[in-house]
Amino acid sequence: MDLQIYVVVERLNRLQNEETTSEIRLREDLEEATKLLLTLKSKLNKNPKQDDHDAISELVTRIDQVSCEIEDAINEDHRAIIGIICNNGIKIRGLSCLGLSSCSSWRRRREHDPHAAGTIKQKFKQLREYYQEILCHHRDYPILLHKKDQEVNAPVLLKEAIGLDEHLERQVIQQLITINNDDNNNMQVVSLCGIGGVGKTTLARQVFNSDAEISFEFFNIIWVNVSPSFNIRDILVQILRYFTRAADKFASEREDTLAKIITDYVSNGGRCLIILDDVWSTQVLDDLLHRLRILPFHHKAHRVLVTTRKRQVAEYGIPKPFIFTVRGLTENGSWELFMDSYRRHSGGDEVIRADMEEVSRKMVKRCGGHPVAIIKLAQVLAGRESLNEWNTVHQHLMSILNDSVLQQILTPSFDDLPDHLKLCFLYLGLWPEDSVIDVEKLYHFWIVDGLVKLQDMREGGGSLDIAERYLTELEKMGMIEVEEEDVPTVTRLKSCRLHKMMRLLSISKGKEINFSQYLGSDSSPSSSSSSSRKRVRRLSLCLERQEDTASAIDLITKNKHLHSLHILDPHKQQVRKPVKILPFDVEELKLLRLLDFDGVDFGSYDDKLSGDDQKKNSGLVLQGLSKLVHLKYLSFKRCFLDEYLSLPITSNLQILDLRVDDLINEVILPNVLRNMRRMKHLYLPRVFKTQDGEKLRLDGMKELETLENFITKVCNVADLQTMNKLHSVAVKVDGDFPDLQFINQHLKKPSNGQIQLSIDIRNFDCFVDQRHSLIREVLEYSGVRIFSIEGHINELPSRYNISQGLTKIVLIGSELEKDPMQKLFKLPKLRVLVLDDNAFEGTNMVSPASGFTQLRHLELLNLKFLESWTIENNSMPKLSNMKIENCNKLKVPDGLKSLTALKELEIAKMPTKFVHLLRKMDPTQGEGASLVNYEKITFPISHEITRSEDADKAEASSSALQIN
């Protein structure tokens, strides 16, 4: 209920900021409705009787409906409404909002609206009367704690640790018993982090009940149940009960006194292990560990094991905790748990038939390794004997798990989020199961939908920065997993993903407030039918089969009041033929603000059509875009389009993504972009040209903040000087000295602040000082993030004259005489380095000790003179991917064994001797395959656990070559 009220209040606040609202004098009415909702929210927090709760819920639903109708009326007919009001001299006062009913176009539309029960005036009158009725029956109730706060969340424990990752358990125990140099002054914290119900408590119980090493190493092993509404006194009393049966008589003592009694007991024994289960707040660690640290705990190497669903709790502590991420059961472990649970609930040693095993394995996989979900599935299937029954369960699996898993296990995590982050989390349910979500796209969705709060932007930072902060907060609260960009530029993060159960939570909570609707192969049958009482505002369609397109288009046409339409074809992830979208009338979606085509095929729908007819047919779906006056976001990312792209001229468009599928060799753009004067983020195609052959004009885009794929051959560099708000630009320069010179001079202007620059320079040989000087200046520019150059430069500038902000460097055909490693190893943010086509012509190369501290990816390609490469101690400590190709004289690098973070080593077109020596270093590589002169070999490794990078002193858990 709180979240539904929050959504309606946000909508009313947006309406108050509309210019039209002021002109038709609705602002006071909306303010009054907002105050009413906030009053209702306050009364709900007093825990009224269920009857009152239901009545308030009904009132909120009614206000929600009326606010949607006001919003639609303003957006669709604002000019007509204003004209009629001005002509008739209508004055609007109080809650009546009477002027809307006299607009003929609104009245005509209302007559055809089956959901409308009367005029706006009548509806607000009914709302007032209904609220008065509630007040007449309502009494002030004492403020009570919510039920969830009164109860300690009892952990959901498995009877047996079936399917548990034994290797992870071994790693945790080893970390707990190991004594290191920090143990003299601090209690070391080890954290088990993961979503609710994924097995953290079960793993901690295994550690707690370990009869071998744990019992031998620790004199006292103490288990403490913590809850969201923790009380430090209760925790201390729980600990004290492990030492004396008379603990309760000390319950009234001060916390410091209780801590003193505990430490007196501990000081007389050996090492102590305290397990804090289900910690929700860092304050628990502050309050507890502070009291225990001020007393004589030195030289004992005591340990604290924390289980938590919040990343921010897992990372909290000094020194940095060791973090083990519990991701659930493996596929084999999940099946083992399912079979054990199924037999137990079936009351025997039943064997599943082959056809039923096939469908049950699919269901177990969809549980995402979540033990509670797997146990519930086994319970539901037990006693069902036919394949049809099992298929029915599979069809309704998500709703079954929703009732048993989400409400009990995961809902508390959602309830713990701030309201604005709850809505951000709900947006993640728009993507299909197991999706890797592009965070830049997600940020734009949030921004266009008004989820990035103006107040946060006023306090400092751009909208993308604030959106990234929101996503980081969701990650720290344990709701999502994120992946960092290999080469951070505009954003630090690259993608995020939801656990299967977390996605289910997102969809379930979204349905409660009619936030969005998702249609895909993994959606339940009931999800395809929208509510008869509420209008769907956000619609996400996942086209996985050609036969799905007809129902998808039908759903679009039935929801003409959409604000957001997201059409995804996940063919990239499934490596299959893309689904062709059927034409639909976009113009009918007059309220659309966001239109996202992701990986969609706009190709011909009839292969028998001629070329001209194919173009005409494929363009049907795009007709009418120019009529969408409210459209702010339009994307064709990864889409298959005809070479010529007809772009709509929409004055409100702020974000346009034209990064079509890479298989499209070249896109032809009409020269109309300069007219989109409110554009803030523009992503041009990788390769394109204009329809008229002239350079693309962008000089009217004074609001532009982000510009990708600005190719100087087809764009006018002079247009950059009109973009006063430009924050990030990715430029491609092909051999043109004047263009590069202009860009360099433009970047130097103090009025530009610091534009983040990604620059790709091709066919640019530096044989004269003037060109050398220009390249040095670009490399020295403090805002440059990515620098790629193809051409002779002979020598790099001094390392003191290279920007410290560089994250990626690509040198192709540079013909450097001096070792580039000596110039680059101090760059603090460098993550990717590529040396290609005799970028270095020397014979010996050295990676200095303690250098390249952030380097993740390294490529040495076609360096025909290179003979030796020495990797000194602690150089490239984070290098995870390396490729060596066609370096025929190179011997196996000295120090390769020290690259303990390496995940994948790719060898291509290297001599047989080189490959043999590598295989001897890595016994996991077989000798069965016959070797030829040139071959490609990949040395992969697998991860059993994930550990925080902040745990600097943690022993690396993997090695690229697994060298003994």
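The values are calculated or read from the model by the stated rules, or taken from the named source; none is laboratory data. Here the structure is a predicted model, which is why all the values come from computation and not from measurement. Methodologically, a virtual Cβ is constructed for each residue, glycine included, from the backbone with ideal geometry; neighbour enumeration extends over all protein chains shown. These area figures cover heavy atoms from the full protein model, side chains too; ligands, DNA and RNA do not enter into them. Shrake-Rupley method; radii C 1.70, N 1.55, O 1.52, S 1.80 Å.
When the stretch 812-831 is examined, which residues are found to be open to solvent by 10 Å² or more (accessible area, probe 1.4 Å), over 22 Å from G735 (Cα atoms) and under 38 Å from the mean Cα position of the chain (by Cα)?
Initially, the stretch 812-831 is screened for residues open to solvent by 10 Å² or more (accessible area, probe 1.4 Å), giving 812-813, 815, 817-819, 822-823, 825-826, 828-829, 831.
Then keep just the ones that are over 22 Å from G735 (Cα atoms); that gives 817-819, 822-823, 825-826, 828-829, 831.
Q822, K823, F825, K826, P828, K829, R831, listed by residue number.
Here Q238 clears all of (1) more than 27 Å from V172 (Cα to Cα); (2) surrounded by fewer than 19 Cβ atoms within 10 Å (Cβ to Cβ) except the condition numbered (1). Test A354 against the stated conditions and say whether it is open to solvent by 40 Å² or more (accessible area, probe 1.4 Å), of a type in the set (G, A, S) and modelled with pLDDT of 85 or more. Yes; evaluated as a whole, the condition is true for this residue.
Within the stretch 705-719, the only residue that satisfies the criterion of being within 17 Å of Q754 (Cβ to Cβ) and either among the small types (G, A, S) or open to solvent by 10 Å² or more (accessible area, probe 1.4 Å) (or both) is E705. If the condition is being of a type outside the set (D, E, K, R), over 15 Å from L698 (Cβ atoms) and part of a loop (DSSP other than H, G, I, E, B), then the stretch 655-681 contributes V660, L663, I664, N665. Only one of the numbered conditions (1) small (G, A, S); (2) at pLDDT below 90; (3) over 30 Å from Y316 (Cα atoms) is not met by A901, and that is (3). How many residues, within the stretch 579-629, are modelled with pLDDT of 75 or more, in a loop (DSSP other than H, G, I, E, B) and farther than 25 Å from G520 by Cα? Number of matching residues: 3. May I ask you to verify whether E473 is open to solvent by 10 Å² or more (accessible area, probe 1.4 Å) and not in a helix (DSSP H, G or I)? Here the answer is no, as E473 does not meet what is asked. The condition of being β-branched (V, I, T) and either at pLDDT 90 or above or within 30 Å of Q654 (Cα to Cα) (or both) does not hold for V372.
When you scan the stretch 761-782, do you find a residue that is assigned to a strand (DSSP E or B), touching a helix residue (DSSP H, G or I) at 6+ places or on another chain (Cβ under 7 Å) and crowded, with 19+ Cβ neighbours inside 10 Å, even just one? Within the stretch 761-782 (the criterion being assigned to a strand (DSSP E or B), touching a helix residue (DSSP H, G or I) at 6+ places or on another chain (Cβ under 7 Å) and crowded, with 19+ Cβ neighbours inside 10 Å), the answer is yes, since at least one residue qualifies.
Within the stretch 882-892, the set of residues being buried (at least 18 other Cβ atoms within 10 Å of the Cβ) and within 38 Å of the chain's Cα centre (by Cα) comprises M882, I884.
Those residues that are open to solvent by less than 30 Å² (accessible area, probe 1.4 Å) and modelled with pLDDT under 85, I need them from the stretch 320-345; list them, please. Of everything in the stretch 320-345, just one residue is open to solvent by less than 30 Å² (accessible area, probe 1.4 Å) and modelled with pLDDT under 85, namely G328.
The set of residues in the stretch 258-281 being more than 21 Å from L176 (Cβ to Cβ), touching a Lys or Arg at 6+ places or on another chain (Cβ under 9 Å) and open to solvent by 40 Å² or more (accessible area, probe 1.4 Å) consists of K260 alone.
Of all residues in the stretch 682-701, count the ones that are open to solvent by less than 30 Å² (accessible area, probe 1.4 Å) and outside any loop (DSSP other than H, G, I, E, B). Break it down into steps so the answer makes sense when it comes.
If we filter the stretch 682-701 for residues that are open to solvent by less than 30 Å² (accessible area, probe 1.4 Å), which is where we start, we get 682-685, 688, 690, 696, 698, 700-701.
After this cut, where a residue has to be outside any loop (DSSP other than H, G, I, E, B) as well, the list is 682-683, 688, 690, 696.
Adding up the residues that qualify gives 5.
The set of residues in the stretch 789-833 being assigned to a strand (DSSP E or B) and either without any contact (Cβ under 8 Å) to a residue 60 or more places away in the chain or under 18 Å from I871 (Cα atoms) (or both) consists of I789, E790, I809, V810, L811, I812, L816, V832, L833. Every condition in (1) basic (K, R); (2) in contact with a strand residue (DSSP E or B) (Cβ under 8 Å, 6 or more places away or on another chain); (3) open to solvent by 60 Å² or more (accessible area, probe 1.4 Å) is met by R659 except one, and the failing one is (3).
Considering only the stretch 256-277, I want to know if a residue exists there that is within 30 Å of R469 (Cα to Cα) and at pLDDT 85 or above. Checking the stretch 256-277: at least one residue is within 30 Å of R469 (Cα to Cα) and at pLDDT 85 or above.
Could you list, in sequence order, all residues of the stretch 210-235 that are of a type in the set (D, E, K, R) and buried (at least 17 other Cβ atoms within 10 Å of the Cβ)? Lay out the reasoning, then the answer.
Within the stretch 210-235, the first condition is being of a type in the set (D, E, K, R), and the residues that meet it are 211, 213, 217, 233-234.
E217, the sole residue that qualifies.
Pairs meeting the criteria (first residue in the stretch 501-522 and farther than 25 Å from I375 by Cα, second residue of a type in the set (S, T, N, Q) and not in a strand (DSSP E or B), beta carbons under 7 Å, at least 6 apart or on different chains) are G510/S516; I513/Q4; N514/S531; Q517/S527; Q517/S530; Y518/S527; L519/S527; L519/S528.
Of the residues L428, L401, the single one that is under 22 Å from the mean Cα position of the chain (by Cα) and either in a helix (DSSP H, G or I) or among the hydrophobic types (A, V, I, L, M, F, W, C) (or both) is L428.
State whether the residues of the stretch 476-490 include one that is in a helix (DSSP H, G or I), closer than 26 Å to L634 by Cβ, open to solvent by less than 40 Å² (accessible area, probe 1.4 Å) and out of contact with any Pro (no Cβ under 7 Å at 6 or more places or on another chain). No, the stretch 476-490 has no match at all. When L669 is tested against (1) among the hydrophobic types (A, V, I, L, M, F, W, C); (2) at pLDDT 90 or above; (3) open to solvent by less than 10 Å² (accessible area, probe 1.4 Å), just one condition goes unmet, and that condition is (2).
Selection of the stretch 893-905 for residues being under 23 Å from T843 (Cβ atoms) and open to solvent by less than 70 Å² (accessible area, probe 1.4 Å) yields P893, G895, L896, S898, L899, L905. Checking each residue in the stretch 849-878 for being part of a loop (DSSP other than H, G, I, E, B), open to solvent by less than 20 Å² (accessible area, probe 1.4 Å) and within 26 Å of E485 (Cβ to Cβ) picks out G851, F852, L855, S875, M876.
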